[in-house]
Amino acid sequence: MAEMEIDVRGQTCPVPLVEFRKASKRTSPGDIIIVKGTHPASKKEIPMASEAMGLKVLEIKDKEGGKEWEIKIQR
């Protein structure tokens, strides 16, 4: 099981979602994708897209006093 980190801090839609989708294609079942970002809409869109793709959202947490977020997804 591998872990892939995507840093999309400072990026706005649709970049974080596009980067997440690319990463999900490069990972294997069971792998963990960690997305780090700052765009509030992406914090909602990425988990919704994950579930639509049949992936499991493990954790969504706020960092830096809510200015940044981190989403952990299992493929």
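The numbers here are math on the coordinates, done by the rules we state, and not lab data. Note that the structure is a prediction, hence the values are computed from the model and not measured. With ideal geometry, Cβ positions are generated from the backbone for all residues, glycine too; neighbour counts draw on all protein chains shown.
A few remarks follow.
- All positions within the range 1-18 that are small (Gly, Ala, Ser) and touching a residue at least 40 places away in the same chain (Cβ under 8 Å): none
- Counted residues, the range 14-66 - those being within 18 Å of residue 3 (Cα to Cα) and part of a strand (DSSP E or B): 12
- Cβ-Cβ under 7 Å pairs, at least 6 apart or on other chains, the range 63-75 side surrounded by 10 or more Cβ atoms within 10 Å (Cβ to Cβ), far side among the polar types (S, T, N, Q) and outside any loop (DSSP other than H, G, I, E, B): 73/50; 75/24
- Taking the criterion of being of a type in the set (D, E, K, R) and over 11 Å from residue 73 (Cα atoms), the residues of the range 1-60 that qualify are 7, 9, 19, 21, 22, 25, 26, 36, 43, 44, 45.
- Members of the range 19-39 found to be loosely packed, with under 13 Cβ neighbours inside 10 Å and without any contact (Cβ under 8 Å) to a residue 24 or more places away in the chain, listed by number: 22, 25, 26
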